[in-house]
Amino acid sequence: TKRDILIIPDPVLRQHCEPVVKVDDAIRKLADDMLETMYAAPGIGLAASQIGVLKRLFVLDVAKEDQPRAPMVFINPEIVWASEEMSVYQEGCLSIPEYYEEVERPASVRVRFFNRDGDEQELQADGLLATCIQHEYDHLNGRLFIDYLSKLKRDRVVKKFAKQARHAERV
Ligand SMILES: O=C(O)C[C@@H](Cc1ccccc1)C(=O)SCC(=O)c1ccccc1
Ligand SMILES: [Zn+2]
């Protein structure tokens, strides 16, 4: 089932997510709903807090349009290592529509997580996958990619969305 994606300044996006206690069918169903929502957006990642579920899980698929889908589910992820080397990507966020900015992050990360079968795995990633893992991981801690921008740029985005929210409220 497709879920609604929360948009800033929704305060839920700033909440800390709690660990998943047991990887059961309910969690697998949630992961499938998140993947369906992500593909429909379209996007390359989605964290549970973006659909209002404050649990530590995110999904992603960085495969290009012309490639077969490669969905991944990360439950209770921990970034256990990050490279000193940094890389810059133009990031977007499904909770901050129509806004893209360059963000600098560690070029590669090693992440320990549980997959949809409840098996513990460790993965080393670089490139867009590393960037996406870090972007989704941040969502679980209430962080958004605009937090890495200058105060000037961030305030401009926040003002723009606050104005949109006010207009949306007006009948
Ligand atoms: O808000 C999110 O987590 C989704 C976000 C993930 C992300 C994008 C870019 C860098 C790091 C993480 C998105 O998917 S925004 C949309 C997007 O980037 C995209 C959409 C369609 C095709 C390709 C990319
Ligand atoms: Zn995002």
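Tabulated data
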quantity	calculated
Karplus 3J(HN,Hα) series, Hz, for segment 66-71 with 6.51 cos²θ - 1.76 cosθ + 1.60 (x for Gly, Pro)	7, 9, x, 4, 9, x
Solvent-accessible ranking of Glu101, Glu18, largest area first, probe 1.4 Å	Glu18, Glu101
Sulfur and carbon atoms: percent of accessible area, the chain [1.4 Å]	51 percent
Prolate/oblate/rounded label for segment 1-90 (Cα gyration tensor, a/c 1.5)	rounded
Cβ charges +1 (Lys, Arg) and -1 (Asp, Glu), total dipole of segment 36-171, debye	880 debye
For the chain: accessible area per residue (Å², 1.4 Å)	56 Å²
The chain: relative contact order as a whole-number percent, Cα under 8 Å and 6+ apart	24 percent
Trypsin sites (Lys or Arg not before Pro) restricted to DSSP loop in segment 55-86 with at most 12 other C-beta within 10 Å	Lys64, Arg69
In Hz, Karplus ³J(HN,Hα) per residue of segment 156-171 (6.51, -1.76, 1.60; θ = phi - 60°; x = Gly, Pro)	5, 5, 4, 4, 4, 6, 5, 4, 4, 5, 5, 4, 4, 5, 5, 8
Kirkwood-based shape ratio for the chain, expressed as Rg/Rh from alpha carbons	0.96
Dipole axis of the chain (+1 Lys, Arg; -1 Asp, Glu on Cβ), positive-most option in Val111, Leu144, Leu46	Leu144
Approximate spin-label separation Val171-Asn141, in nm, with each point projected 7 Å along Cα-to-Cβ	4.3 nm
Residues of segment 1-33 with amide N under 16 Å of the 7 Å Cα→Cβ point at Ile79	17
222 nm mean residue ellipticity, helices alone, for the chain (DSSP H n ≥ 4; -39,500 (n - 2.57); rounded to 500)	-9500 deg cm²/dmol
Cα centroid separation - segment 99-171 against segment 1-64, whole Å	13 Å
Contact order relative to length of segment 95-171, as percent, for alpha carbon pairs under 8 angstrom and 6 or more apart	22 percent
Under the Karplus curve 6.51 cos²θ - 1.76 cosθ + 1.60, θ = phi - 60°, whole-Hz ³J(HN,Hα) for segment 99-106, x wherever Gly or Pro sits	10, 10, 8, 6, 10, 9, 9, x
Residues with amide H under 5 Å from that of Ser108, placed H, sequence gap 5 or more	Ser83
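The values are calculated or read from the model by the stated rules, or taken from the named source; none is laboratory data. Just so we're clear, the structure is a prediction, and the values are computed from it rather than from any experiment. Heads up, the Cβs are rebuilt from the backbone with ideal geometry, glycines too, and the neighbour counts pull from every protein chain shown. Note: accessible area is taken over every heavy atom of the protein model, side chains too, but ligands, DNA and RNA are not part of it. Shrake-Rupley method; radii C 1.70, N 1.55, O 1.52, S 1.80 Å.
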